[in-house]
Structures are given as C-alpha cells and as structure tokens.
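The values are calculated or read from the model by the stated rules, or taken from the named source; none is laboratory data. If you're wondering where the values come from, they're calculated on a predicted model, not measured in any experiment. Neighbour counts run over all protein chains shown; Cβ positions are idealised from the backbone, glycine included. When the accessible area is computed, the model is the full protein with side chains, heavy atoms only, and any ligands, DNA or RNA have been set aside. Shrake-Rupley method; radii C 1.70, N 1.55, O 1.52, S 1.80 Å.
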Amino acid sequence: MAEINNLAAVAAYSSLVDALQAAFGGETEVTEQKRVYGGDINDAYELHLSGGRRIFMKTNQINNYRFFETEARGLEALRSARAIGVPQLLGIGTDRQRGFSFLLLEYMESASPIKDYWEVFGQQLAQMHRADCIDFVQTHLPEGKASAGGESRYGFPEDNYIGATVQKNTPKGSWIEFYRDCRLLPQIKMADRYFDSGFRKKLDRLLSHLDSYIREPEFPSLVHGDLWGGNVLCGNDGRAWLIDPAAYVGDFETDLAMTELFGRFPQTFYEAYHEVNPVESGYRQRKKIYQLYHLLNHLNLFGRSYLGSVAAVLEEL
C-alpha cells in the first residue's frame, strides 16, 4: 500500500518564459497558442512550443494566483499516491507583463478508452483511497498549525477551492467535527439569505446530530474532492486521469457520493471499486449528507435554482 507523506515543493515563477525555460531548457518559446473551451473559472490554452512539444496552460487574473497555487498542491498530493493518472505539473506563477497568473501541465492527448476502462478506474480510485495518509496533514502543516486535539488526521495543509468558493481545510482529529465545521457550516452560513426559520431549524438539527448521520471512517483517505464526470479525462493510455482537484484528507465516501450527484458512473465502476475498498452499510444515507455540501455550494455559486435540491435532501433525512 502506497504511503502519502512526501509532498514535493511546488516551484513558482515570475514569468511564463521563466517557467518554460526551467521545464524545457533556455531556448524554449511558444510558437502557437490555441484556446481550449469548457472551463467556467479559468481560461485555458494549448501551447505549442519550439521543438514540437505541446503543453496545457490555465490562466486567470494575477490576483487569483491562489487558485493555481492550491490546485498545484492538490495535483501533487494525488500524484504522490501513485495509484491513478494525474497530469504532471510543469509550473505555476504570475506574469505581470502579460497580466495573468498561470498553471502549466503536461498535455493530455485523449485516446480511445481501454476495454475495461471503468473497471480499472474503479480499482485505481479505490487504491488511491486506501493509500496510507494517516500522517499526511500533520507532516505538511506549517509550524504551529496543529489541530486543537493535537492529532491532525483530516483536512489539508492549507485552504483551497471548491469551484470558486474557498474550501476550509482546518486540521481536525475527528472527521465528524471536520465535516461539520469545515464543510457544512461555512456553506450554510453563506446561504443563510435563502432560508426561512423552519429551514434553519432543520439545518441546526442536522449539525447538532451529525454523528447520527455519518461515522468516523476506519481510516482517513486522500480524496479528489470534486469528482464529477467533468474532472475525469481519458488519457493517452486509454485510462482515467484526474484533473481539477479540491483535494483533502477525509472520508473516501465523499468522492463516491460526488460521482453519483450529477449523473452516475456505470455500475461496473462501483463494483470494481468495492472489490478493492468495500463500502460499509449505511452509505446510502451518508451519501446524501456528502452530496448536501456540493448542493449548498451550487446554491451559493449559482443561486436559488438549487434550493429545491437542498430542501429535498433535508426532507429525505
């Protein structure tokens, strides 16, 4: 079983030219730039470099550099599990001359999926979730940032983003405490304007009795954090590769729940996953709690159209 403890430092550059030359040599330059469409938050490009190489670049405003800094650390964390494909990080930085911040990745040339694509994907994701990360958070915390209980099992060394929303990752020794304080509570506070008094009472009751709905996992897992179909690519090896993480250490069931929120993956994926990492009874109820976080986030990002979905989860619980 892989052990996720050593996380490589992420190099930051003061210009795109510096990043390219550090990765590929002093004569490297961009010969062509093609826009890639599909993302909501960042602009994306396929860069053709001298020598015939292609890479992928995301850009945003300079003051949004933190998006890329935290995404880079999430990508490196997932790669460190050595269980599933994750694009190689080539550099991040800000380019004041061009007026943007950037993230550079290897270019993924999509191929035809292998015959057992979904089965292999399920097995590899399960292997990532079972990788030993019990000391990951504690090992990578800045000095003086240990959890109040002294055992930082859940969270991440820094806050990151779920979509455009800041995702709190304050280290906790308890998963239930982490999920209440760093996942549900911040989203509920942001969405308060949508709730009447009866709705608030239901949410307060859920938060007060969260231990009746979810359990402390047998072991902590490194999770992708935003595992819907749009964040999975078929790579040039015909297998699933993960992109755009909102990574942290938590309960592996959160990733499974997200795969079922906006269109379920094929059943063969779940069967293969369960062969490697069996899911305990009671998951169907816990799944709703874990999906609630993402529904609340969509309510905060996209507005009232998601209120009905949030209400339906509360009624079902």
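Condition (residue is in contact (Cβ under 8 Å) with a residue 40 or more places away in the chain and either surrounded by fewer than 18 Cβ atoms within 10 Å (Cβ to Cβ) or of a type in the set (Asp, Glu) (or both)) applied to segment 118-127: is it met by at least one residue?
Yes, there is a match, as at least one residue in segment 118-127 is in contact (Cβ under 8 Å) with a residue 40 or more places away in the chain and either surrounded by fewer than 18 Cβ atoms within 10 Å (Cβ to Cβ) or of a type in the set (Asp, Glu) (or both).
Within segment 211-227, track down each residue that is open to solvent by 10 Å² or more (accessible area, probe 1.4 Å), within 18 Å of residue 249 (Cα to Cα) and out of contact with any Asp or Glu (no Cβ under 6 Å at 6 or more places or on another chain).
215, 216, 218, 219, 226
Would you say residue 95 is among the acidic types (Asp, Glu) and open to solvent by less than 40 Å² (accessible area, probe 1.4 Å)?
Here the answer is yes, as residue 95 does meet what is asked.
Each row is one residue, and each column tells you yes or no for (1) touching a residue at least 60 places away in the same chain (Cβ under 8 Å); (2) surrounded by 15 or more Cβ atoms within 10 Å (Cβ to Cβ); (3) within 20 Å of residue 101 (Cβ to Cβ).
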| residue | (1), (2), (3) |
| --- | --- |
| 18 | yes, yes, yes |
| 22 | yes, yes, yes |
| 31 | no, no, no |
| 44 | no, yes, yes |
| 51 | no, no, no |
| 55 | no, yes, yes |
| 58 | no, yes, yes |
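Residues of segment 236-285 being farther than 30 Å from residue 111 by Cα and touching a Phe, Trp or Tyr at 6+ places or on another chain (Cβ under 7 Å), which ones?
249, 250, 251, 285 - these are the residues of segment 236-285 that are farther than 30 Å from residue 111 by Cα and touching a Phe, Trp or Tyr at 6+ places or on another chain (Cβ under 7 Å).
Check whether at least one residue in segment 157-167 is assigned to a loop (DSSP other than H, G, I, E, B) and in contact with a strand residue (DSSP E or B) (Cβ under 7 Å, 6 or more places away or on another chain), and report yes or no.
Yes - at least one qualifying residue is present in segment 157-167.
Take residue 168 and tell me if it is in contact with a Cys (Cβ under 7 Å, 6 or more places away or on another chain) and either open to solvent by 40 Å² or more (accessible area, probe 1.4 Å) or not charged (D, E, K, R) (or both).
Yes, satisfied.
Quick check: anything in segment 141-156 surrounded by fewer than 23 Cβ atoms within 10 Å (Cβ to Cβ), in contact (Cβ under 8 Å) with a residue 60 or more places away in the chain and over 19 Å from residue 39 (Cβ atoms)?
No, every residue in segment 141-156 fails to be surrounded by fewer than 23 Cβ atoms within 10 Å (Cβ to Cβ), in contact (Cβ under 8 Å) with a residue 60 or more places away in the chain and over 19 Å from residue 39 (Cβ atoms).
Among the residues of segment 192-210, which ones are in contact (Cβ under 8 Å) with a residue 12 or more places away in the chain and either open to solvent by 40 Å² or more (accessible area, probe 1.4 Å) or of a type in the set (Ser, Thr, Tyr) (or both)?
194, 202
I'm trying to understand the selection: among the residues of segment 233-267, which are basic (Lys, Arg) and either open to solvent by less than 10 Å² (accessible area, probe 1.4 Å) or in contact with a strand residue (DSSP E or B) (Cβ under 9 Å, 6 or more places away or on another chain) (or both)?
239
When segment 236-251 is examined, which residues are found to be more than 17 Å from residue 269 (Cα to Cα) and either assigned to a loop (DSSP other than H, G, I, E, B) or at pLDDT below 95 (or both)?
Selection gives 236, 237, 243, 244, 245, 246, 247, 251.
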